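The values are calculated or read from the model by the stated rules, or taken from the named source; none is laboratory data. Every value quoted in this text rests on a predicted model; they were computed, and no experiment measured them. Counting neighbours? That spans all protein chains shown, and the Cβs are built from the backbone with ideal geometry, glycine included.
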Amino acid sequence: TAAIALLDRHRSLDDQKAWYHAADLAVTRFPGNPAVLLHAVDAAVARDAFKKAAGFARQLLAVDPINMPVRQRMIELQLAHARKQVRSGRADLAAKSLEAASEWERPDMPDPALRIGRALVAVMAATDGDTEAAEKVRTAVAEAGGGTLGWFRMVLEASLMGWPAKRLQPLH
């Protein structure tokens, strides 16, 4: 449609203000169009309007419930926010962000980074001698592919959360 072409044009020309405005107009005119809603999600994310992006994502999933790109986008946003909270020393808020992110997951397609992130935050909240939290990490690593790939993902996620390497040693 013409609205999609206009949105693509504004986005390709890097005219952010026009893209945001066109996306808002297109959503009001074509509220059930998945392509318009996807543009609206991207535009809202680009201007750091995360609650608005989540609203558009929910509208999109009402029309297209198996839309994996929008699900993945919302998981990544919540995961990025949780990483920031961990780096700030707020594991409690990170856990809430990760819980919110898990709402975007499809039950048949778990997100490895999200599972590892939740396990690492559980380790942070655990008391000394709590082996259950370390077991959650091992389970998440196994779900992420196990072996070298799974542990690499865990180390990468821990690094993005700002964990010192010394803190990871007991998990190996």
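Assorted remarks:
- Among residues that are over 30 Å from Phe30 (Cα atoms) and modelled with pLDDT under 85, Ala144 is not included.
- Of all the residues in segment 108-141, those that are in a loop (DSSP other than H, G, I, E, B), touching a helix residue (DSSP H, G or I) at 6+ places or on another chain (Cβ under 8 Å) and modelled with pLDDT under 85 number 1.
- Selected residue [over 13 Å from the mean Cα position of the chain (by Cα) and under 27 Å from Arg58 (Cβ atoms)] from Leu156, Leu120, Leu93: Leu93
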